[in-house]
Amino acid sequence: QVQLVESGGGLVQAGGSLRLSCSASGRTFSSYIMGWFRQAPGKEREFVARISYSGGNTYYADSVKGRFTVSRDNSKNMVYLQMNSLKPEDTAVYYCAAGYISSTSVRYDYWGQGTQVTVSS
């Protein structure tokens with residue numbers, strides 16, 4: 001079992017930045033691919049970014065590419081999402097998740113409770 005806790009959300013003006021953090025319990029953090037997801041009001045939860053076990057590979061949704069950066073520090077059991085040039089459409093609850101490569105996709109087994117990000121215009 002692993003428990004994930006997000007932090008760093010809040011209210012920010014358009015064009016501003018926030019850094020979200022996800023703290024994981026346990027001693028096997030480096031064994032997981034970590035992902036960030038978000039869910040905006042009235043919309044389905046969507047993929048935002050993911051990072052490989054050692055942090056060497058990252059992948060982003062087109063909507064955030066060039067503005068968001070995902071990173072991890074396995075020595076601290078932490079994963080981060082640096083969000084720059086924020087837009088009102090980035091407003092959502094952001095979740096971190098831990099998973100691994102399955103036969104056809106990344107399977108996310110553990111999820112945090114989410115942190116609210118609100119971007120005002």
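Using a 1.4 angstrom probe with every protein chain in place, what is the largest-first accessible-area order of L86, L11?
Final ranking, largest accessible area leading: L11, L86.
In whole Hz, with x marking every Gly and Pro, tabulate ³J(HN,Hα) for segment 40-46 from phi via Karplus 6.51 cos²θ - 1.76 cosθ + 1.60, θ = phi - 60°.
Running phi through 6.51 cos²θ - 1.76 cosθ + 1.60 with θ = phi - 60° gives 8, x, x, 10, 6, 5, 10 Hz.
For a quick check of your reading of the filter: which GluC sites (Glu not before Pro) in segment 1-109 sit in a DSSP loop and have no more than 15 other Cβ atoms within 10 Å?
Loop-located and lightly packed - E44.
Using only alpha carbon pairs under 8 Å that are at least six residues apart, calculate the relative contact order of the chain and give it in whole percent.
Values: 293 pairs, mean separation 42.9, N = 121.
Here the relative contact order equals 35 percent.
Show T58, T104, T91 ordered by accessible area, largest first, where the area counts protein heavy atoms only and the probe is 1.4 Å.
Heavy-atom accessible area, descending, gives T104, T58, T91.
Is there a quick way to get the dipole size of the chain? I mean about its Cα centre, with the Cβ of Lys and Arg at +1 and of Asp and Glu at -1; what is the value in debye to the nearest 20?
180 debye
Amide H to amide H, which residues 5 or more places from S85 or on other chains are under 5 Å from it, using H placed in the peptide plane?
The answer is none.
Straight-line reach from K76: which aspartates and glutamates have a Cα under 18 Å away, not including same-chain ones fewer than 8 places off?
E6
Working with all protein chains in place, sort R107, R50, R72, R38 by solvent-accessible area computed with a 1.4 Å probe, largest first.
Details: R107 130, R50 80, R72 35, R38 15 Å².
From most exposed to least exposed: R107, R50, R72, R38.
Taking only Cα atoms of the chain, what ratio of Rg to Rh do you get with Rh as the Kirkwood inverse-distance radius? Walk me through the intermediate numbers first.
Numbers: Rg = 13.6 Å, Rh = 14.3 Å.
Rounded to two decimals, Rg/Rh equals 0.95.
Just want to confirm a number: the relative contact order over segment 5-61, from Cα pairs under 8 angstrom separated by 6+ residues, in percent.
Values: 65 pairs, mean separation 13.0, N = 57.
Relative contact order for segment 5-61 comes out at 23 percent.
Using the Karplus curve 6.51 cos²θ - 1.76 cosθ + 1.60 with θ = phi - 60°, work out ³J(HN,Hα) for each residue of segment 9-15 in order, rounded to whole Hz, and write x for Gly and Pro.
Running phi through 6.51 cos²θ - 1.76 cosθ + 1.60 with θ = phi - 60° gives x, x, 9, 9, 6, 3, x Hz.
Write down the accessible area per residue of the chain in Å², having rolled a 1.4 Å probe over the full set of protein chains.
For the chain, the solvent-accessible area averages 54 Å² per residue.
Per the 1.4 Å probe, what fraction of the accessible area of segment 21-61, in percent, lies on carbon and sulfur atoms? If you can, show how the numbers build up before the last one.
Numbers: 990 of 2240 Å².
Taking all protein chains in place, segment 21-61 shows 44 percent carbon and sulfur surface.
The values are calculated or read from the model by the stated rules, or taken from the named source; none is laboratory data. Fair warning: this is a prediction, and the values are worked out from it, not measured in the lab. In this analysis, Cβ positions are derived from the backbone assuming ideal geometry, glycine residues included, and neighbour counts consider all displayed protein chains. In case anyone asks, the SASA skips ligands and DNA or RNA and just uses the protein heavy atoms, side chains included. Shrake-Rupley method; radii C 1.70, N 1.55, O 1.52, S 1.80 Å.
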